[in-house]
Every structure is written in structure tokens, then in C-alpha cells.
1. Name the residues in region 279-319 that are touching a helix residue (DSSP H, G or I) at 6+ places or on another chain (Cβ under 8 Å), open to solvent by 60 Å² or more (accessible area, probe 1.4 Å) and either of a type in the set (D, E, K, R) or in contact (Cβ under 8 Å) with a residue 60 or more places away in the chain (or both), would you?
2. Restricting to region 233-250, give me the number of residues that are assigned to a helix (DSSP H, G or I) and open to solvent by less than 20 Å² (accessible area, probe 1.4 Å).
3. Would you check which residues across region 193-226 are over 14 Å from Leu121 (Cα atoms), among the hydrophobic types (A, V, I, L, M, F, W, C) and under 29 Å from the mean Cα position of the chain (by Cα) and list them?
4. May I ask you to say which residue of Gly199, Gly146, Gly181, Gly130 is at pLDDT 95 or above and at positive phi?
5. For region 13-27, state whether one or more residues are in a helix (DSSP H, G or I), among the hydrophobic types (A, V, I, L, M, F, W, C), open to solvent by less than 40 Å² (accessible area, probe 1.4 Å) and closer than 21 Å to Gln216 by Cβ.
6. Mind counting the residues in region 107-130 that are open to solvent by 20 Å² or more (accessible area, probe 1.4 Å) and over 18 Å from Thr86 (Cα atoms)?
7. So, in region 46-69, how many residues would count as being closer than 15 Å to Glu89 by Cβ, part of a helix (DSSP H, G or I) and either of a type in the set (A, V, I, L, M, F, W, C) or open to solvent by less than 10 Å² (accessible area, probe 1.4 Å) (or both)?
Amino acid sequence: MPQLWQGRASKAVDSRVNDFNSSIRFDARMIEQDIQGSLVHSAMLGRQGIISRQDVDDIHKGLHSILDDLHSGALEIDPNAEDVHTFVEQTLTARVGDAGKRLHTGRSRNDQVALDIRLNLRAASEHIQGQIKELITVLCDQAEKGAGYVMPGYTHLQRAQPVTFGHQLMAYAWMLLRDLGRLQDATRRMDAECPLGSGALAGTTYPLDRFYTAEQLGFAAPCGNSIDGVSDRDFCIELCSAMATCMMHLSRLSEEIILWCSWEFKFIELDDAFTTGSSIMPQKKNPDVTELIRGKTGRVYGDLNTLLVMMKGIPLAYDKDMQEDKEAIFDAVDTLELCLRTVTPMLATMTPLPANMRRAAAKGFINATDCADYLTKKGMPFRDAYKCTGTMVAACIREGKTLEELTLDEFKQYSDLFEDDVYTAIDLTTCCEGRTSYGGPTKASVMKQVADVKGKLAEPARPDEGRTCCGCPFTGRRRKLCPHQPPAGGSFPRRGSL
């Protein structure tokens, strides 16, 4: 398949350079977005009188036939094409003739690819957001069931204070809720400006209606600077950063699961469908899903680093280095999607073992703080109460006892402030239910967190329609500083559709 740029060179490009330069193997996934952009671009050319109405009709008929044939399997993408844009345009021209050659009027592959990758990542982000919402819902459902399961909370991986299984799971629900917000914010900024019409870098002499194409493609406005329009990959970096943060949270959760299902903890049991065995040890039940998530997190970090290093030293406007953006960002998307698709049903089917959690909590002296607080409420200065309780814990360790197993006489050997009510004060359930500060481990608090998080999931996305600002960083009180001028009518366009 010939290159779109042939004409300047006097000899054929070496086949090794063609292979090195080709991007079809990874940008073919943007073909629907490429066709979507071409439909809008050609419609605009017709509206502006740049090409004829007949050409528009022929182009649209041809593009729709390509899309239909791709979906049915009647057409396969040519792996020898230089890129997806070349494949679409040359396939179109073969079907509709000269009209296909007019599609690229007023457009460059530079603004074309900048558009396609935005459209592709918008769809990917929305899909990932849906997956995160499913995972949060599963965590909330498991947290509701485990709101009364007392377990040890840890610091430095040492048993520290009593919490509940539900409280622990909701910590991850809140993390993922922030991840959801980061993806939404990154996507909102990506949708603020449409690069189509920027041309190679300096726009075009054709009278394009960039507000029309921006509206039809779901953007708030055209980009304000054509050079920035084709050379910007901030949206890739920001989206990948959000995904890397989400992977970090999944990795932390995975580490917990790996510990909890080990025989040393045995707080949960994973369903057989989400574990693997050993080729030599018949007793093994390995949490491979979580171990792979932990490993793949580094892969997404690498994708983010690739994007940052790729962009850090290239001059304006477009440079071929930027072709590397797609492999990195698409790999990050695919990796996060795969991890979310697997971890969600794994968590939905896991079985908590509350008796084991309670037993571990009882042996960890995690009610020592509550014992010190008991003495403080009786009038002893906290530092003295801290030292007294620490002495008691040390003695219990030597004698193989827990605080609950001490007799009242033994308590009184350390302080006359101890009375029969000490046993209620240091009961593990009481310790949890007594921590009534906002966001704490009480059953009521966990249930409120579940309701709050599910409520946030049900909230509609921040509205972006009928606004007097395009959605750029000049928002709120700074909105009047927005440098972008809206079209006639006084407001930026609503999201449109073909």
C-alpha cells in the first residue's frame, strides 16, 4: 500500500524503514474513531462549500461501508498499511473514487491522530470508570456484610488497634472513588479542546468551521493554538498518571488479599475459580490474580515514565517520537482494564473468616490503647496511663496471657482505678463501637460510609452543557479570564452527535 506522503522523494523507502516507521499494528484500534472524525470533517467541508454535497454523500457512504464491513468481518485491516489513517483513506478512495481523495482537504495526519487518540481514550476512560464503579460496589457490599467482623488493624504490619473487616475494605473504596474522580477530571480536560483543524501545525487557508467539528465530536471548543493542538500529549500523561495511581491502589489491596488468604492470617478464603494450584505441591492454593496485579502495576508505571520521557525534550510541533505515545497509553489502558475485570469477581466471591479475625485481634493486645484511655477517663494522666498499660502488656506477654484474662485483683496491682467495668472497656467489640469519631470503625460508621460512597457513585457527572466557559483551566472565579471566544449565541456548544 503506497504512502500518503509520496511525491517529494525520488526513490522508494527502504523496506526496513517502512517496517520501523509503521504504526498500523497498534493504531489500528483507533479505526472507528478515525472514521468518526472523518465523517464529521467531511460534513464540515460540505457545509463550508469546500467540497461538493455529492462528495460528502459519497465519502459518508464509503466510510459507513468500511465500518460495516469491519464489523461483519468482510474487511480486514491491511497489516502492510503505514498507519490506520492511510488504510482508511486508501480503502475509501478505492470504493468511491476521487471523492475519497478530497477527504483530507484542510486536514493533516498530525491533527487527525491527535483527534483519534483523544476519542479513543475518552471511550477507554469511560469504560474504566464503569469498571471502577463495579469494583467499588463490590467492596461496599462486602463491607456491609463485614461491618461487625472485628479484626486487628495494623501499622508497620504489627497489630495495632481493633477495626472491622468492613472498615478496612471501605478504606479501599474511598481510594478507588478518588481514582474515579481523577479519571473524570482528566477526561474532562481532554474533552475541553478539539485539535481537528489545526492542520500540520499552522492551521489552513480553507474556511473551516472548527466550532462545528468540536461540537459534533463532543468537545467543548476547538483548541486555542494550532501548534499546541498537534503537539499536546498532556492528556495521555494525565490519564496514564490516574491509571498508575489506580494500579497502585489495586496493588495495595492485592497485597492485603495475599496476606489475608495465607495460613499465617487466614482471614479470608478465595473462591477456587480465582486461584491456581502447584504442579508439585497438592496442598497449594495460590492467589495468582493478586500477585499478577502487583506485578503489572510496575508495567503501568513504566508506561507513564515512557510518556514523560518521550515528551520531555522534543521541540514544537509534531515529532515522530510522539508515535510512541500510543503503545504506552494503550498498554496502560489494557492492563488496568484486565486487572479490574479480574479482581472484581474475585472479591465478590471471597469468603471472610470472622472467627479467625477475632482470634487474631484477641492475641494482639490491640485493646491496650483502650485500657490506657480507661485509666485516663478515671483521672490518670495519659502518659502515666500509657506507661502503666505498657507494663501490664509486658507482664502478660511473659506469662502468656491477654489483658482480658487478667483478674480484677491483678488489674488492681497496677492501679486502684481499675474496677469491674474494665472488662467492658477492653472488650474488642466495645473498643470498636467506642471509637465514634467521624470515619471510624463502628458498625454505624461503616454503614454510613457505604451509603455515602454508593451515593457518590449515583451522582451524575459534573454538567458541561450550556456553559459560558469552555471547560479550560479558567473556571470558577477566573472564568471571565477564559481566552477562548464562544461562537455566536453566547455560550460554548453542547456535546453533539452525528
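The values are calculated or read from the model by the stated rules, or taken from the named source; none is laboratory data. Note that the structure is a prediction, hence the values are computed from the model and not measured. Because the Cβ atoms are built from the backbone with ideal geometry, glycine has one as well, and the counts that use them run over all protein chains shown. Quick note on the areas: whole protein, heavy atoms, side chains included, nothing else; ligands and nucleic acids left out. Shrake-Rupley method; radii C 1.70, N 1.55, O 1.52, S 1.80 Å.
1. Residues satisfying the conditions are Lys285, Glu291, Arg294, Arg299, Leu308, Leu316, Tyr318.
2. Qualifying residue count for the region: 11.
3. Leu196, Ala214, Ala220, Ala221, Cys223
4. After applying the criteria, what remains is Gly199.
5. Taking every residue of region 13-27 in turn, none turns out to be in a helix (DSSP H, G or I), among the hydrophobic types (A, V, I, L, M, F, W, C), open to solvent by less than 40 Å² (accessible area, probe 1.4 Å) and closer than 21 Å to Gln216 by Cβ.
6. Residues in region 107-130 being open to solvent by 20 Å² or more (accessible area, probe 1.4 Å) and over 18 Å from Thr86 (Cα atoms): 6 in total.
7. 5
Every residue, every condition in (1) part of a loop (DSSP other than H, G, I, E, B); (2) of a type in the set (S, T, N, Q); (3) in contact (Cβ under 8 Å) with a residue 40 or more places away in the chain, yes or no:
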position	(1), (2), (3)
Tyr386	no, no, no
Gly390	no, no, no
Lys401	yes, no, no
Val446	no, no, yes
